[in-house]
Amino acid sequence: MASDTVLILGAGHAGFQLAASLRQHGCDGRVMLAGDEPVLPYQRPPLSKDYLDGKTGLDLLLMRPEAFYRDHKIELLHGMRAEAIDRAAKTVRFASGERVEYGHLVLATGARNRQPPLPGIELDGVCYLRNLAETDDLRARLTAAEHIVVIGAGFIGLEFAAIARGKGKEVTIVEMLDRVMARVASAPVSQVFAEAHRKTGVEFVFGAQAVQIAGAHGRATGIDLADGRHLPADLVLISIGVVPNTELAAAAELPVANGVLVDEVLATADPAVSAIGDCASFPCRHAPDNALSRLESVQNAADHARCVADRIVGKPHPYTALPWFWSEQGPLRLQIAGLTTGFDRAVTRGDVESGQFSVFCYRGGELAGIESVNRPADHAQARRLLTAGRQVTPEQATDESFDLRAAATVRPG
Ligand code: FAD
């Protein structure tokens, strides 16, 4: 029956987890997982890490082998691009012309690469790193490349740079802002990571804006900066963030604002349609004033999915999960718990020089988030502390003899 059908659009982290959680929680209706990529659902984080490096193959990327979907009666619609939603008829039209009816529709369409409007952007050798096809292309090109320019010093650009340097390539990173990971990490963390990359030979150009990709015979040969400088390159990686895939929702007249707008249970304005993962903008318990937030992380995608699965099987609850993130760049592992947006005070625990430390970020006197560099135990306690809403004063945070584990476990008073 169509009314029993949960149709999920997008077979990435969020879509996969929703299908799996629905079955795990005893949903016995039809579960259809439609994705426009021609492969089984796979994990994205290794794309810019071990998979790009050639240390793991496709088998280790896959969320589950094909038999899992068969055994759990999850109908996988591979290579199926949804083109339009008819909310009145409760149907979705795919690019193939096929129409599928739903009882509940979940948008899990993720995000796509942001493409700067630069002359020369179409040249051969200009690459992106978002999906498997792009990574396979990049992996192949990396072998032959000699001079690489990365535009954007965010997680993905830096992870890519670490691997490219490991393969002996010349790497220059061009960043508009004045430090690496400026939008997601505190200044001490940025400094340590930039220094570590520099030590391996990566060059940075901060406060710089690319104005053109230069080329010859259809191939990229470098980039031109606004200040007149030219950086030669035979491979240019564009990693300046993503744009949420909201067009389907907008065309179906669902409210959209930097993501498909959802409420605290992740439902859109239409109760028969939910949105999860990178494409959803939701009121976040951990943001200042529960601000609408659109987060890009595996944790967010998977926890959103679990929350919607609970609602579909009749156990609705507001979404409250603590956001957390990670990045691996060479020997450095950054783990962030909480949302540090707008923090006004930061203190450090551990020794920054040794490359093992945590930064406790406070907003209005309250602990907002903790960034840990090669201190996984701090991160584990940070998640417990923040989930429980417990406070650690800046003085306690900086005092290495203060027991974080106990603070995370024992109720004060
Ligand atoms: P996605 O995983 O992007 O899946 C969305 C899917 O929907 C895609 O397959 C897309 O093609 C498909 N789709 C879009 N439109 C349609 C349509 N109309 N019809 C059908 N299908 C459609 N996060 C971390 O927490 N830690 C990390 O270390 C980390 N590393 C990352 C490294 C890379 C290279 C990338 C790209 C991301 C990384 N992330 C990391 C972020 C994380 O992978 C994303 O936040 C997560 O994948 C979001 O899941 P999602 O299901 O919302 O979107």
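The values are calculated or read from the model by the stated rules, or taken from the named source; none is laboratory data. Small disclaimer: the values here were computed from a predicted structure and weren't measured. Cβ: placed from backbone, ideal geometry, glycine included. Neighbour counts: every protein chain shown. Keep in mind that these areas ignore ligands, DNA and RNA; they rest on the heavy atoms of the full protein, side chains included. Shrake-Rupley method; radii C 1.70, N 1.55, O 1.52, S 1.80 Å.
Of all residues in the range 286-315, those that are in contact (Cβ under 8 Å) with a residue 60 or more places away in the chain have Cβ atoms under 8 Å from Cβ atoms of residues that are open to solvent by 50 Å² or more (accessible area, probe 1.4 Å) and in a helix (DSSP H, G or I), 6 or more apart or on another chain, in Ala309/Gln24.
Screening Ala111 on (1) open to solvent by 20 Å² or more (accessible area, probe 1.4 Å); (2) within 26 Å of Gly241 (Cα to Cα) shows it passes everything except condition (1). The range 102-186 holds no strands (runs of 3 or more DSSP E) entirely within its bounds that carry 3 or more residues that are farther than 30 Å from Val262 by Cβ and at pLDDT below 95.
If the condition is being within 15 Å of the ligand (Cβ to nearest atom) and either surrounded by 16 or more Cβ atoms within 10 Å (Cβ to Cβ) or among the acidic types (Asp, Glu) (or both), then the range 44-61 contributes Arg44, Pro45, Pro46, Leu47, Ser48, Lys49, Asp50, Tyr51, Leu52, Asp53, Leu61. Checking each residue of the range 309-328 against the condition of being of a type in the set (D, E, K, R), under 20 Å from Gln17 (Cβ atoms) and either open to solvent by less than 10 Å² (accessible area, probe 1.4 Å) or within 11 Å of the ligand (Cβ to nearest atom) (or both) gives no match.
So that you can scan it fast, the table gives a plain yes or no per residue for (1) out of contact with any helix residue (DSSP H, G or I) (no Cβ under 9 Å at 6 or more places or on another chain); (2) outside any strand (DSSP E or B); (3) assigned by TED's automatic domain parsing to the domain that holds Gly152; (4) within 30 Å of Ala368 (Cα to Cα):
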site: Gly222; (1), (2), (3), (4): yes, no, yes, no
site: Gly228; (1), (2), (3), (4): yes, yes, yes, no
site: Val236; (1), (2), (3), (4): yes, no, yes, no
site: Ala249; (1), (2), (3), (4): no, yes, no, no
site: Asp278; (1), (2), (3), (4): no, yes, no, yes
site: Leu295; (1), (2), (3), (4): no, yes, no, yes
site: Ala305; (1), (2), (3), (4): no, yes, no, yes
site: Val308; (1), (2), (3), (4): no, yes, no, yes
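In the condition set (1) more than 16 Å from the ligand (Cβ to nearest atom); (2) modelled with pLDDT under 95; (3) at negative phi, Gly355 is compliant with all but (3). Tally up the residues in the range 257-274 that are closer than 12 Å to Leu292 by Cβ and either within 10 Å of the ligand (Cβ to nearest atom) or touching a residue at least 24 places away in the same chain (Cβ under 8 Å) (or both), please. Adding up the residues that qualify gives 6.
This table checks each residue for (1) touching a residue at least 60 places away in the same chain (Cβ under 8 Å); (2) in contact with a Ser or Thr (Cβ under 9 Å, 6 or more places away or on another chain); (3) within 26 Å of Glu296 (Cβ to Cβ).
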site: Gly207; (1), (2), (3): no, no, yes
site: Val211; (1), (2), (3): yes, no, no
site: Ala214; (1), (2), (3): yes, yes, no
site: His217; (1), (2), (3): no, no, no
site: Gly222; (1), (2), (3): yes, no, no
site: Asp227; (1), (2), (3): no, no, no
site: Leu235; (1), (2), (3): yes, no, yes
site: Ile240; (1), (2), (3): yes, no, yes
site: Val243; (1), (2), (3): yes, no, yes
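For the range 340-349, the condition of being under 22 Å from the mean Cα position of the chain (by Cα) and over 27 Å from Gly277 (Cα atoms) holds for none of the residues.
Per-residue answers, yes or no, for (1) touching a helix residue (DSSP H, G or I) at 6+ places or on another chain (Cβ under 8 Å); (2) aliphatic (A, V, I, L, M):
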residue	(1), (2)
Gly342	yes, no
Val352	yes, yes
Phe360	yes, no
Gly365	no, no
Asp399	no, no
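Check whether at least one residue in the range 61-73 is under 30 Å from Pro271 (Cα atoms) and small (Gly, Ala, Ser), and report yes or no. Among the residues of the range 61-73, not one is under 30 Å from Pro271 (Cα atoms) and small (Gly, Ala, Ser), which makes the answer no.
If you go through the range 90-108 and keep only what is more than 16 Å from the chain's Cα centre (by Cα), within 15 Å of the ligand (Cβ to nearest atom) and buried (at least 20 other Cβ atoms within 10 Å of the Cβ), you end up with Val92, Val100, Tyr102, Leu105, Val106, Leu107. Residues in the range 62-89 that are among the basic types (Lys, Arg) and more than 9 Å from the ligand (Cβ to nearest atom): Arg64, Arg70, Lys73, Arg87.
Screening Val171 with (1) more than 16 Å from the ligand (Cβ to nearest atom); (2) without any contact (Cβ under 8 Å) to a residue 40 or more places away in the chain; (3) surrounded by fewer than 23 Cβ atoms within 10 Å (Cβ to Cβ) gives one miss only, at (3). Taken across the range 397-405, residues that are modelled with pLDDT of 95 or more, part of a strand (DSSP E or B), touching a Ser or Thr at 6+ places or on another chain (Cβ under 7 Å) and among the hydroxyl-bearing types (Ser, Thr, Tyr) do not occur at all.
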